[in-house]
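Peer 1: Sharing a structure with you now.
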């Protein structure tokens with residue numbers, strides 16, 4: 001019961017120090033068997049080689065997100081998942097990044113100009129990053145500028161939803177079937193409805209033919225010529241998945257990056273030296289090859305603070321994993337929070353060392369040891385999109401300002417649906433004096 005109470009508050013708090021060096025372990029919680037894959041070999045077996053047997057997300061994930069995204073790609077499985085995956089995967093494929101990146105640059109430029117006007121003030125960086133990435137998602141999904149007020153509605157509603165939604169599905173842990181409904185409180189339903197209203201209104205606008213001259217991922221999902229046209233309900237659910245996953249995970253990554261840079265002046269100086277080569281111009285897709293250290297900062301941030309730090313699946317059939325019997329119905333988890341800090345895999349696992357991702361650095365010990373976007377058939381379709389967005393936004397903003405954490409403010413990782421640096425991250429905007437006179441707003 002103590003474990004359950006802890007998990008309800010913060011899922012990261014349940015892992016003792018010994019779990020950062022184990023390779024595979026498990027126990028029974030109430031009436032459900034739980035196992036954790038914490039080595040490259042067990043991750044590969046479950047999430048890649050035997051992915052079909054572990055395709056289904058855990059009951060907790062399904063029931064926590066269904067009010068928000070229906071049968072969307074993130075929690076669907078079987079034929080529904082395969083149909084949606086074929087339709088959604090091409091939308092944010094790496095080949096489309098040159099078309100999608102201008103929206104990232106535009107949103108970052110607008111945020112940069114706002115921060116210049118707010119120099120000397122304290123802001124909630126987590127909230128600012130969420131609004132900026134919501135702008136990016138709106139412009140790429142819907143082909144229009146949503147507007148800061150509506151974007152703030154989505155950001156606020158999702159933050160409230162995360163804070164309220166249950167982190168443990170007690171009914172499934174007791175062995176009760178999915179058919180028994182999970183009741184959600186009025187405030188949870190209201191938060192979901194606020195987000196769905198914004199998405200539905202924008203969808204209606206797009207599907208009625210408004211702004212046909214603008215690229216739109218929603219229009220692509222609905223176009224019969226694509227070969228994967230979805231129903232209106234399916235399009236709405238997938239739009240909600242893209243909206244939620246696309247803005248929340250990148251916003252958290254950027255917020256963590258700002259925090260880490262504020263604690264490491266040497267790394268911050270190296271980042272500034274690299275982005276200053278852009279001579280005050282916003283970072284664009286063409287600049288990515290020159291932003292290698294900026295990318296390393298983001299990659300190391302993703303290692304230390306993976307946006308989705310716990311990924312859980314339900315075993316369809318019994319299996320033997322690392323010489324242990326895993327029964328049908330067991331929950332098998334990949335926990336990047338543990339794997340990325342594994343004491344037997346990484347050198348100085350708890351230290352912020354972007355150089356490990358630079359040419360000549362120690363690199364990743366195994367492709368199955370670094371999984372910020374998951375691994376296998378269900379790897380995040382927007383991985384390249386999110387990484388590109390984070391690099392371009394950080395490079396654009398870091399040319400102009402630096403952020404300093406409020407003195408004495410405790411930053412603690414809190415895991416609900418995603419991994420956040422608490423509920424807010426208060427930081428002061430300081431000017432970058434070396435850029436004075438380079439054409440930026442003063």
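Peer 1: Looking only at segment 315-344, which residues are out of contact with any helix residue (DSSP H, G or I) (no Cβ under 9 Å at 6 or more places or on another chain) and on the phi > 0 side of the Ramachandran plot?
Peer 2: 323, 329
Peer 1: What residue, among those in segment 27-54 that are more than 24 Å from residue 346 (Cα to Cα) and touching a helix residue (DSSP H, G or I) at 6+ places or on another chain (Cβ under 7 Å), is modelled with the lowest pLDDT?
Peer 2: Among those that are more than 24 Å from residue 346 (Cα to Cα) and touching a helix residue (DSSP H, G or I) at 6+ places or on another chain (Cβ under 7 Å), it is 30.
Peer 1: Condition first: part of a loop (DSSP other than H, G, I, E, B), surrounded by 15 or more Cβ atoms within 10 Å (Cβ to Cβ) and touching a strand residue (DSSP E or B) at 6+ places or on another chain (Cβ under 8 Å). Can you find one or more residues in segment 341-350 that meet it?
Peer 2: Scanning segment 341-350 turns up no residue that is part of a loop (DSSP other than H, G, I, E, B), surrounded by 15 or more Cβ atoms within 10 Å (Cβ to Cβ) and touching a strand residue (DSSP E or B) at 6+ places or on another chain (Cβ under 8 Å).
Peer 1: Using the structure shown, decide if residue 416 is closer than 30 Å to residue 39 by Cβ and either touching a residue at least 24 places away in the same chain (Cβ under 8 Å) or in contact with a strand residue (DSSP E or B) (Cβ under 6 Å, 6 or more places away or on another chain) (or both).
Peer 2: yes
Peer 1: Regarding residue 107, is this residue touching a residue at least 24 places away in the same chain (Cβ under 8 Å), farther than 15 Å from residue 395 by Cβ and under 19 Å from the mean Cα position of the chain (by Cα)?
Peer 2: So residue 107 does not fit the description; no.
Peer 1: What residue, of 35, 74, 47, is touching a residue at least 40 places away in the same chain (Cβ under 8 Å), under 22 Å from residue 381 (Cα atoms) and touching a strand residue (DSSP E or B) at 6+ places or on another chain (Cβ under 7 Å)?
Peer 2: Matching residue, one of 35, 74, 47: 47.
Peer 1: Scan segment 304-334 residue by residue and report those that are closer than 30 Å to residue 393 by Cβ, modelled with pLDDT of 95 or more and surrounded by fewer than 23 Cβ atoms within 10 Å (Cβ to Cβ).
Peer 2: Across segment 304-334, the qualifying residue is only 304.
Peer 1: Can you tell which of 296, 257, 283 is part of a loop (DSSP other than H, G, I, E, B), buried (at least 21 other Cβ atoms within 10 Å of the Cβ), at pLDDT 95 or above and in contact with a helix residue (DSSP H, G or I) (Cβ under 9 Å, 6 or more places away or on another chain)?
Peer 2: Result: 283 is the single residue among 296, 257, 283 that is part of a loop (DSSP other than H, G, I, E, B), buried (at least 21 other Cβ atoms within 10 Å of the Cβ), at pLDDT 95 or above and in contact with a helix residue (DSSP H, G or I) (Cβ under 9 Å, 6 or more places away or on another chain).
Peer 1: I've got another one for you. Residue 364 passes all but one of (1) under 27 Å from residue 130 (Cβ atoms); (2) not in a helix (DSSP H, G or I); which number fails?
Peer 2: Here residue 364 clears every test but (1).
Peer 1: Looking only at segment 133-145, decide whether some residue is at pLDDT 80 or above, farther than 16 Å from residue 389 by Cβ and in a helix (DSSP H, G or I).
Peer 2: no
Peer 1: For residue 403, all conditions in the list (1) in a strand (DSSP E or B); (2) within 30 Å of residue 316 (Cβ to Cβ); (3) at pLDDT 95 or above hold save one; what is the number of the exception?
Peer 2: Residue 403 satisfies all of (1) in a strand (DSSP E or B); (2) within 30 Å of residue 316 (Cβ to Cβ); (3) at pLDDT 95 or above except (2).
Peer 1: Right, here's the next one. Would you pick out the residues in segment 78-89 that are surrounded by 17 or more Cβ atoms within 10 Å (Cβ to Cβ) and more than 19 Å from the chain's Cα centre (by Cα)?
Peer 2: Matches in segment 78-89: 81, 84, 87.
Peer 1: Residues of segment 368-400 being in contact with a helix residue (DSSP H, G or I) (Cβ under 8 Å, 6 or more places away or on another chain), over 29 Å from residue 113 (Cα atoms) and assigned to a loop (DSSP other than H, G, I, E, B), which ones?
Peer 2: 368, 369, 370, 371, 373, 375, 380, 381
Peer 1: Among the residues of segment 57-68, is any touching a helix residue (DSSP H, G or I) at 6+ places or on another chain (Cβ under 8 Å), under 26 Å from residue 242 (Cα atoms), modelled with pLDDT of 90 or more and surrounded by 18 or more Cβ atoms within 10 Å (Cβ to Cβ)?
Peer 2: no
Peer 1: Does segment 110-132 hold any residues that are crowded, with 16+ Cβ neighbours inside 10 Å and closer than 24 Å to residue 307 by Cα, and which are they?
Peer 2: Those that are crowded, with 16+ Cβ neighbours inside 10 Å and closer than 24 Å to residue 307 by Cα: 111, 112, 123, 125, 126, 127, 128, 129, 130, 131, 132.
Peer 1: Would you please list the contacts, defined by Cβ atoms under 6 Å and residues six or more apart or on different chains, that run from a residue in segment 300-328 that is free of Cβ contacts under 8 Å to residues at least 40 places away in the same chain to a residue that is crowded, with 21+ Cβ neighbours inside 10 Å?
Peer 2: 328/315
Peer 1: Moving on. Given the options 306, 359, 289, name the one that is under 25 Å from residue 93 (Cβ atoms) and assigned to a loop (DSSP other than H, G, I, E, B).
Peer 2: From the options 306, 359, 289, the qualifying one is 306.
Peer 1: In addition: Within segment 94-109, can you find the residues that are surrounded by 14 or more Cβ atoms within 10 Å (Cβ to Cβ) and over 23 Å from residue 156 (Cα atoms)?
Peer 2: 96, 97, 100, 101, 102, 105
The values are calculated or read from the model by the stated rules, or taken from the named source; none is laboratory data. Quantities reported herein were computed from a predicted structural model and do not represent experimental measurements. Virtual Cβ from ideal backbone geometry, glycine too; neighbours counted across all protein chains shown.
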